[in-house]
1. Only one of (1) modelled with pLDDT of 90 or more; (2) of a type in the set (S, T, N, Q); (3) touching a Gly at 6+ places or on another chain (Cβ under 9 Å) is not met by Gln125, so which one is it?
2. Return a yes/no flag: does segment 244-254 have any residue that is assigned to a strand (DSSP E or B) and either open to solvent by less than 30 Å² (accessible area, probe 1.4 Å) or modelled with pLDDT under 95 (or both).
3. Which ones in segment 273-292 are of a type in the set (D, E, K, R) and open to solvent by less than 60 Å² (accessible area, probe 1.4 Å)?
4. Which condition from (1) modelled with pLDDT of 75 or more; (2) crowded, with 22+ Cβ neighbours inside 10 Å; (3) of a type in the set (S, T, N, Q) is the one that Ser29 breaks?
5. Restricting to segment 135-182, name every residue that is of a type in the set (Lys, Arg), assigned to a strand (DSSP E or B) and free of Cβ contacts under 8 Å to residues at least 60 places away in the same chain.
6. Inside segment 480-507, can you point out the residues that are open to solvent by less than 20 Å² (accessible area, probe 1.4 Å) and either among the aromatic types (Phe, Trp, Tyr) or modelled with pLDDT of 80 or more (or both)?
7. Take the residues in segment 643-691 that are of a type in the set (Val, Ile, Thr) and over 30 Å from Gln247 (Cβ atoms), then tell me which one is nearest to the chain's Cα centre (by Cα).
8. Name the one entry in Ser193, Ser237 that is surrounded by 16 or more Cβ atoms within 10 Å (Cβ to Cβ) and touching a helix residue (DSSP H, G or I) at 6+ places or on another chain (Cβ under 8 Å).
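The values are calculated or read from the model by the stated rules, or taken from the named source; none is laboratory data. Predicted, not measured: the structure shown is a model, and the values here were computed from it. For neighbour counting, all protein chains shown are included, and Cβ atoms are generated from backbone atoms with ideal geometry for every residue, glycine included. Protein only, heavy atoms only, side chains kept; ligands, DNA and RNA dropped before computing areas. Shrake-Rupley method; radii C 1.70, N 1.55, O 1.52, S 1.80 Å.
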Amino acid sequence: MKKQILFALLCGQAFAEDITPPQQIDDISVTATKMERATKDVSQSIAVVGKEQLENKNVFNITDAIDNIPGVQISSANGGYDAKLVIRGSGLKAAYGIREIMVLRDGVPMTDPDSFTRLDFIDVQDIERIEISKGPGSIYNANTSGGVVQIISKSVFDDYANRVKLGFGTQGKLNANIRYGFNLNDRDYFAFSLSRRHAKNKWRTHNEFDTTQFSLKYGHIFDNEATLESELAYTESNLEIPPSMNQAEYEEYLRTGQSKGIATPWQHSGRYSKIYFFNTRYKQDVGDFSFKPRFYLTKWEHVHPVTGMINVSEDNYIYGTDLEMNHKHKLFGKEGALVFGLTARQDISNNARKYQYADTRRNGRQMQTLSDRLGAYSGTEDATNTLYGFYVQESLNLSDKLLLDVGARLERLDMSMKGEQLTKYDYRSGRYVAGSGAYDISASYNLFSPKFGVTYRLNDNVNLYGSISRGVQAPTSSEVGANKSASQDNILGVAKSVNYEAGIKARSEKLFFDLGIYLNKTKDEITSRSVNNQTIYQNAGKTTKKGLETSIAYQINDLFSVDAAYAYSHYTYDDYVEGRENYSGNYFKFVPKHMYSLGVDFKHPQGFMVRVETKTWGKYFMDDANTEMYRGHRFVTNLMLGYQHKNHTFRLNANNIFDKKYANVAEKSGYSYTYKAAEPRSIMASYQYEF
């Protein structure tokens, strides 16, 4: 770590002395402060994936969009909307979906109050840009400590977003979208978007995916220049979750490229959902004040076959509001900006039912599914999670060089689960057995997340920054429920994370450069372990996460540009005892010490485009016991060839062009191995017409 810190200091001195171009190019962010600010002026690590990058990647899912950001690990088992997302070690314990990381779309939380995120109703064809702030410190960090992913959709007021797009690819892929917007007059704007994606993925067992998404947006500009934007959207999505492979199956996959996973008991996991989404937001400026109230409502239903049971839930609602106010002012004669808001949201699930699998057979001592047909009724549950509180942040220009950020969130989380468990799956015997009967579980947590940050301008192109921030992570309702189901009486507490970060950011006409180092100390980290073949959760003592992240992009000339990113991660358990095992001093599983990516772009004035990018994950431990390491993957390379003429754009995207075979997730438990295969070579040709 000392070498990395020395490198950061040397780079800071070099940029301070050598960079003096008169122009600046920088992305604008709203994620860290809720107010528009250049990323160079944000006192924490933040990455922006812009419109051109998204288009060149021909994004099929969120994984495609953010897979080369330093400090971010994302992988997909299916290639659809499922994703395992880890930011600086946070999100590791999620078996499905995203945990410990806040995901928003246009400021609306996609993350439930208890920190669980599904990505099924995010239309990747309606994304304008994506912002990622890493670690605690963002004012959006509500009950999350890993970071924030903010997805910005195309605005109803955007006159240049109309298009027709059609793409076909290998593995039976289709990626189609039409977006049309118009204004009735100078005040009223409309836009609708229709998207369809599907993939057959026959190289892997039980691996089809399809989604259909429609949205209607309305915008109104009032006489006082206030704006109202509203959206009504519908999503229907069907996702088959492929089974994992054991050691023998993984070796066969390396030889043949076919991922069968037939030895795993759970052959028919998936999620089949329908979602209705409404969001409306208002903005009005009155002098130095800006008011931004927002209201949102989601109704969803799904059939969700998982390990042991099939979940059927048809009456679920998430609704909430965020009442934000911004005030530009002077404090002690210094210019400042205050952000203040009240927030509340609730997740309600009524009559969520569980069923046994109807069609099974014995596979050794374990049961194996033959279909996902509903079997015997197993139980029901009503659940409510409520999060409410306020946030505040003051940004003060102490001088023409020094900017101070001080802020905090204070919230309350209440969770309640009430139901009856008639039967459950017993992992030890491999059979359905009598359940624990009626239960009534409730828990409440107070969540406080302060931040202190400074940004210092060395010159017009180079800033130094430093911050101290605290993030908190309450246990999820599923974690609390899992412990109850396993007859565990331990009461889960809040994980508390303190992050120290410093770095340098440089922007010029040709150069973009970020380098940051951080130290994150966490107490009462919530981790999973297996008891009688059943997953339970515990507060695992203390962890230390140290790392360095850097990214650079340079415009060589009018035709060529290059970019690179690197992340060094040193994550250890300071105090972690699991039963009779003491993992204190061990490294985190799944997180490589070294990750890097390289890219080259060519763009000709006549419309020809080429991009080549490659990414590498170093070795990582497969278990908390650190008994074995997985090799990772090296130089997985993607290629984009494109041609643009006026309103017409043709692209050919080839991902994993050298058809490397590797696991994007490799784990070990005791003497058992599980692998999830990465996608083989995938080619997609697309045509886009903008109007």
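1. Here Gln125 meets the rest and fails (3).
2. Narrowing segment 244-254 to residues assigned to a strand (DSSP E or B): 245.
Subsequent filtering for residues that are either open to solvent by less than 30 Å² (accessible area, probe 1.4 Å) or modelled with pLDDT under 95 (or both) retains 245.
Within segment 244-254, one or more residues are assigned to a strand (DSSP E or B) and either open to solvent by less than 30 Å² (accessible area, probe 1.4 Å) or modelled with pLDDT under 95 (or both).
3. So in segment 273-292, the residues of a type in the set (D, E, K, R) come out as 274, 281, 283, 285, 288, 292.
Passing the criteria: Arg281, Lys292.
4. Checking Ser29 against (1) modelled with pLDDT of 75 or more; (2) crowded, with 22+ Cβ neighbours inside 10 Å; (3) of a type in the set (S, T, N, Q), the one that fails is (1).
5. Here is the first cut: in segment 135-182, the ones of a type in the set (Lys, Arg) are 154, 163, 165, 173, 179.
Among the residues that remain, those that are also assigned to a strand (DSSP E or B) are: 163, 165, 173, 179.
The answer is Arg179, and nothing else.
6. Passing the criteria: Leu492, Ala495, Ser497, Asn499, Glu501, Gly503, Ile504, Lys505, Ala506, Arg507.
7. Start the filter on segment 643-691 by keeping residues that are of a type in the set (Val, Ile, Thr), which leaves 649, 657, 665, 674, 683.
Restricting the remaining residues to those that are over 30 Å from Gln247 (Cβ atoms) gives 649, 683.
On the way: Thr649: 29, Ile683: 25 Å.
My answer is Ile683.
8. Working: Ser237 fails: touching a helix residue (DSSP H, G or I) at 6+ places or on another chain (Cβ under 8 Å).
Checking each option against the conditions leaves just Ser193.
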